1. Step through the residues of the stretch 163-171 one at a time and calculate ³J(HN,Hα) from phi using the Karplus curve (6.51 cos²θ - 1.76 cosθ + 1.60, θ = phi - 60°), rounding each to whole Hz and writing x for Gly and Pro.
2. If the convex hull of the alpha-carbon atoms of the stretch 1-126 is projected onto planes in all directions, what is the mean projected area in square nanometres?
3. Near the amide H of residue 50, under 5 Å away, which other amide H atoms are found, from residues 5 or more places off or on another chain, if H is placed in the peptide plane?
4. Tell me which residues come under 5 Å, amide H to amide H, from residue 162 once H is placed; ignore anything under 5 positions away on its chain.
5. Work out how far the C-alpha atoms of the stretch 188-238 reach from end to end along every principal axis, then list the three figures in whole Å, largest first.
6. Please list the non-local residues whose amide H lies under 5 Å from the amide H of residue 117, H modeled 1.01 Å from N, same-chain partners needing a gap of 5 or more.
7. Based on DSSP H assignment, which helices of the chain show an axial Cα extent of at least 18 Å together with a mean Kyte-Doolittle hydropathy greater than or equal to -1.0?
8. Nothing charged except the Cβ atoms of Lys and Arg (+1) and of Asp and Glu (-1): what's the magnitude of the dipole of the chain about its Cα centre? Round to the nearest 20 debye.
Amino acid sequence: MSNDLMARLGEFDTPTICNTIELFDVRPRNVGFMDMRIQCNFPELPPMVGYASTALFGSDHQKGGRPNYELLAEQMGDFAKLPGPAVVVVQDIDDPPVSATFGDIMCSAYKAFGAAGLITSGAGRDLDQVQAIGFPVFTGSTICAHGYCHFKELDVPLRIGGMTIHPGDLLHGDRNGVTTIPKDIANEIPDAARQFADVEGQLISYLKEPSPTPAGVVEHFEQLRQRSMELSKSVQSKGR
């Protein structure tokens, strides 16, 4: 998938992406996105779009074997195998998390190798410094220390935010949360999202008029429903 597609997906907020995915009817409406346990740390940043680079993480016990910085370097080297920018996704196996998954050095390294952001079920730290470099992070909590932090496995399926993330999954996240985008419809999402936003905009414009009426609201909601159904039929027919 092209950098142009990544940029076009990044023009929309994550709720609009979720609404657009629903038009294609490729999955149930109650799956495919992370739950409230995963929170955006820097809501002022634009949407994050990229492909999952996954890792299992722990920090409660010392680890033998390869130093963690070697595994970090291996992970960053594997970013080049993805079809676009990486989103680092980390499942903390300690429950509750013992210490931070990341700090400013790790995030600076990820950004230097082209990563679009980071998601962890665990904690983060050095948030002022990470915010200063404009690197999106999504966490379950904040903890000031790094403990015995180490990666346990790379490029494995994870459970995070109530869903399974596979290496290479296409992700979109902003201040509203994180969703996956099914790859088989990804190229069609930007145009459909633009059309859907235009349809919604007509209702919003009516609600901003000086004297909207309850009957008018019903009428415009019905128009929204009808136009959404038409758009859904249109995008689904293109995929057949």
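We did not get these values from a lab; they are worked out from the coordinates using the rules stated. Model, not experiment: these values are computed from the prediction. Here the Cβ positions follow ideal geometry from the backbone for every residue, glycine too, while neighbour counts run over all protein chains shown.
1. Karplus-based 3J(HN,Hα) across the stretch 163-171 equals 9, 8, 10, 9, x, x, 4, 8, 10 Hz.
2. Details: hull surface 36.6 nm².
Projected over every direction and averaged, the Cα hull of the stretch 1-126 covers 9.1 nm².
3. Hits under the 5 Å cutoff: 171.
4. The list, which skips near neighbours in sequence, is 35.
5. 39, 17, 7
6. 88
7. 189-207, 214-238
8. Working: 20 positive and 30 negative charges, 69 e Å.
Dipole of the chain, to the nearest 20 debye: 340 debye.
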